[in-house]
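Novice: Structure incoming, see below.
The values are calculated or read from the model by the stated rules, or taken from the named source; none is laboratory data. What you see is a predicted model, and the numbers here were worked out from it, not measured in a lab. So basically every Cβ, Gly included, is an ideal-geometry build from the backbone, and we count neighbours across all protein chains shown.
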Amino acid sequence: MTDDSKTSHPAGSDEGVHPAAKPFLWLDHPVTKAAPFWIFGIAALSLLVVEAFNPLHAVSKWDDVFGFYEIEGFVGFCLAVLAGWPLRRLLGRPENYYDQEGDHD
């Protein structure tokens, strides 16, 4: 059986799209979705190259490690993203939270 909840529209068709969403349809393009990955990747590699030619004045012993700031940023970003899973379990409400009937003042 096919899933009828997902209907495919021909390319360029605005059928079934809210008028306020039409100016933002370009955000759904695959190139637009991949752009941040490439932009930040190129920026990180550029900074790594700059670090190779511009010696930094280390404050601690870890600052002397080549690529320390790039590695630190990547690890910090990964920790921030991965922290969302346990936070969701800790702070999230059950899926049927708003469907529950009860005493509402």
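Novice: Return the pairs, sorted by first residue and then second, in which the second residue is of a type in the set (A, V, I, L, M) and surrounded by 13 or more Cβ atoms within 10 Å (Cβ to Cβ), the first residue lies in the range 58-77 and is under 13 Å from ALA44 (Cα atoms), the beta carbons are less than 7 Å apart, and the residues are 6+ apart or on different chains.
Specialist: From the range 58-77, the pairs are GLY67/LEU48; GLU70/ALA44; GLU70/LEU47; GLU70/LEU48.
Novice: In addition: So which residues in the range 67-86 are loosely packed, with under 12 Cβ neighbours inside 10 Å and either part of a helix (DSSP H, G or I) or at pLDDT below 85 (or both), if there are any at all?
Specialist: VAL75, GLY76, PHE77, CYS78, LEU79, ALA80, VAL81, LEU82, GLY84, TRP85, PRO86
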